[in-house]
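Presented below is the structure to which this report refers.
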Amino acid sequence: MKLTTIGVIMGLIISISWIMWGFFPMIGILLATIILGGIGYILDAKGYSLNKLAIKMLDKLAN
C-alpha cells in the first residue's frame, strides 16, 4: 500500500500546482490522483517495493 499512497500524494502535489493556474484544472486533479494511485496499486499488487525498485534503478545507473 505504500506505493499506492505515494502515487496518490504525487498526484495531489501535481494537482495542487495546477489549481494555482485556475479552476478548470480540477479535472486534472482527479485524473492525476486516479492514474498515479492506480499505478501504485498495480505495482503494490504485483509485489514491488520501494527498496527493490530503488536497487534496480541504482544498478542500472551504475552499469
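The values are calculated or read from the model by the stated rules, or taken from the named source; none is laboratory data. Computed from a predicted structure; not experimentally measured. Here the Cβ is made from the backbone with ideal geometry for all residues, glycine too, and neighbour counts use every protein chain on show.
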For region 26-50, name all the residues that are surrounded by 13 or more Cβ atoms within 10 Å (Cβ to Cβ), within 10 Å of Leu3 (Cβ to Cβ) and of a type in the set (Gly, Ala, Ser).
-> Gly37, Gly40
Please name all residue pairs, on different chains or six or more residues apart, with Cβ atoms under 8 Å, provided the first residue is in region 1-13 and is at pLDDT below 80 and the second residue is outside any helix (DSSP H, G or I) and surrounded by fewer than 18 Cβ atoms within 10 Å (Cβ to Cβ).
-> Lys2/Ser49; Leu3/Tyr48; Leu3/Ser49
Any idea which residue in region 20-63 is modelled with the lowest pLDDT, counting only those that are in a helix (DSSP H, G or I) and basic (Lys, Arg)?
-> Lys52
Within region 4-13, is even one residue of a type outside the set (Ser, Thr, Tyr) and in contact with a Pro (Cβ under 7 Å, 6 or more places away or on another chain)?
-> no
